[in-house]
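Worksheet for the structure shown next.
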Amino acid sequence: MSEQMTMPALDRQLVDAIETHVVAGNEGSIGKALPNGLQAPPRLRWDPELERIEDPQLARLHTYWSDLGRNGGLPRSSQADLLDLQTQAPYAMLLDVREDGWDFRYRYYGSGIAERSGFDLTGLSVWEIPSTPEISIFFTACYRAVLHHRIPLMTWHVAPPQRTVVSWDRLILPLTDEAGGAISRLLVGNIPGAWRRVRD
């Protein structure tokens, strides 16, 4: 989180509440718990099997992540090669865990995501996304759920109406520190849905 920003205590309470719903898979309760809701109830799938990941780019990212951890346990953060991601995964992101999991900073933000979303978040915080506060709260809750649950999570959500992308499919994959203990980074695939005409 940038030095100028602070996370309100109320946001932490909301993140905690949303994280509880994410862990339990209570899709219909997530939007209801947010002050202004979401455009539609998100969809969640914990620890998806490879054959059930329909998007080929997300399937390849899952395979890449699985291969990193083939010697047992979760993959280490140092094993995720930025050069690999830049050349092979334009719809991937790499996030550093910060503030004990209350913030996540975009170490790498794929060129395909930047092109479709209209902005590049490299070096910025999840709390600096140019969208609604509900989106930052929802993303943080999902990332924290993976941080604590230590298994992959797939999500689908509808973007706010002022964005040019209708929806996003997201695959969140945990990476541990060098000791193999705490989750220190997240490898995330983020696939845009259809274009949306935005009114002036």
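The values are calculated or read from the model by the stated rules, or taken from the named source; none is laboratory data. Predicted model, so just to flag it, every value in this text is computed and none were measured. So basically every Cβ, Gly included, is an ideal-geometry build from the backbone, and we count neighbours across all protein chains shown.
Structure values in brief
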quantity	calculated
Candidates Ala114, Ala145, Ala159 - the one that is free of Cβ contacts under 8 Å to residues at least 12 places away in the same chain and more than 17 Å from Leu58 (Cβ to Cβ)	Ala114
Hits in segment 61-78 (condition: surrounded by fewer than 17 Cβ atoms within 10 Å (Cβ to Cβ) and either outside any loop (DSSP other than H, G, I, E, B) or at pLDDT 95 or above (or both))	Thr63, Ser66, Asp67, Ser78
Single residue of segment 86-109 satisfying the filter (part of a strand (DSSP E or B) and of a type in the set (A, V, I, L, M)) that is farthest from Asp55 (Cα to Cα)	Val97
Identity of the residue in segment 40-59, buried (at least 17 other Cβ atoms within 10 Å of the Cβ) and not hydrophobic (A, V, I, L, M, F, W, C), that ends up farthest from Leu175 (Cα to Cα)	Pro41
The one condition in (1) under 16 Å from the mean Cα position of the chain (by Cα); (2) assigned to a helix (DSSP H, G or I); (3) hydrophobic (A, V, I, L, M, F, W, C) that Leu83 fails to fulfil	(1)
Given (1) of a type in the set (D, E, K, R); (2) modelled with pLDDT of 90 or more; (3) within 22 Å of Asp169 (Cβ to Cβ), index of the condition Asp100 fails	(3)
Condition met for Leu95 (free of Cβ contacts under 8 Å to residues at least 60 places away in the same chain and closer than 20 Å to Asp47 by Cβ)	no
Single match in Glu19, Glu27, Glu115, Glu51 (criterion: more than 24 Å from Pro161 (Cβ to Cβ), acidic (Asp, Glu) and more than 14 Å from the chain's Cα centre (by Cα))	Glu51
Extreme residue, modelled with the lowest pLDDT, among residues of segment 146-162 that are of a type in the set (A, V, I, L, M, F, W, C) and not in a helix (DSSP H, G or I)	Ala159
Of residues in segment 113-145 being of a type outside the set (Ser, Thr, Tyr), assigned to a helix (DSSP H, G or I) and touching a Phe, Trp or Tyr at 6+ places or on another chain (Cβ under 7 Å), the one farthest from Gly37 (Cα to Cα)	Ile113
